[in-house]
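One structure is given below, encoded as structure tokens.
The values are calculated or read from the model by the stated rules, or taken from the named source; none is laboratory data. Because the structure is a prediction, the values reported are computed rather than measured. Positions of Cβ are backbone-derived with ideal geometry, glycine not excepted, and every protein chain shown enters the neighbour counts. These area figures cover heavy atoms from the full protein model, side chains too; ligands, DNA and RNA do not enter into them. Shrake-Rupley method; radii C 1.70, N 1.55, O 1.52, S 1.80 Å.
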Amino acid sequence: MNSENHIDDPIASALLSDSTYERLRVRRRSLFKQPLSRKLAWQSLILAALAMVLPIALALPESTRMLFPSGNPLWSTPRIIVIGAYAGAIQVVAALGLVYVGYKRIRRGAELTEREARRLLDIEDVASIFSLVTGPFAVAVFDGMFLLGYGGQDALAMFLAAGGDNPFAVSTLPVTVFGVTVTAAVLAVVLFAVSRLFDSLLPQ
């Protein structure tokens, strides 16, 4: 296409695209209409925020470290780890959904039928809502509880007096803080790499 006929408007370009997926996406009502690659990049940032608990836990004051079941925050299984594991699981499941959508778009391209395109858009919408709304909220709570630890036992006492449960009490979930945070860090790198790949292979 020469420069005189080039369309700079991304909405117009999508409407005139040969891709059924792109035409349906631009007409569809959705909270998250951003490109797939950008959503995956955001997910990598959310997972990076989850992984930030590792250095936070390492720097906790001694008075707070003693509140953990083993006295070592990284290798403990505190009650708050349930929220951290939940946040990570949300991102993993949602990422699998978004990667699946990207894979099908690359593989099928303009051959996608309207029914297939709508199904992929449904998957993308659900995955986006969970990963970009529910997931960040869970990460914020998880990080916030560890930051509370910097206030020492006095801060925790105020939290308990306000009606909260002890976030550092032992949990029955056999997952450590180290396991959750390191896994989140690895997945953050992987998802960012996949987002760059999709950025180069998929229309924006």
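Each residue in the stretch 94-122 was checked for being within 21 Å of the chain's Cα centre (by Cα), surrounded by fewer than 17 Cβ atoms within 10 Å (Cβ to Cβ) and not acidic (Asp, Glu), and 4 of them qualify. Can you find a residue that is modelled with pLDDT under 90, under 22 Å from Gly151 (Cβ atoms) and open to solvent by 40 Å² or more (accessible area, probe 1.4 Å) anywhere in the stretch 71-93? No, the conditions are met nowhere in the stretch 71-93. Pairs are defined by a Cβ separation below 8 Å, a sequence spacing of at least 6 or placement on different chains, a first member in the stretch 124-152 that is farther than 11 Å from Gln43 by Cα, and a second member that is modelled with pLDDT of 95 or more and open to solvent by 50 Å² or more (accessible area, probe 1.4 Å); the pairs so defined are Ala138/Ile83; Ala138/Tyr86; Val141/Ile83; Phe142/Ile83; Asp143/Met52; Met145/Ile83. The set of residues in the stretch 46-66 that are assigned to a loop (DSSP other than H, G, I, E, B) and open to solvent by less than 50 Å² (accessible area, probe 1.4 Å) comprises Leu60, Pro61.
Restricting the stretch 25-41 to residues that are modelled with pLDDT under 90 and not polar (S, T, N, Q), which is most open to solvent (accessible area, probe 1.4 Å)? Only one residue fits best here, namely Arg29.
Counting only residues that are part of a helix (DSSP H, G or I) and either of a type outside the set (D, E, K, R) or crowded, with 20+ Cβ neighbours inside 10 Å (or both), how many does the stretch 167-204 have? Full working, then the answer.
Narrowing the stretch 167-204 to residues part of a helix (DSSP H, G or I): 177-201.
Retained after the next criterion (residues that are either of a type outside the set (D, E, K, R) or crowded, with 20+ Cβ neighbours inside 10 Å (or both)): 177-195, 197-198, 200-201.
Qualifying residue count, the stretch 167-204: 23.
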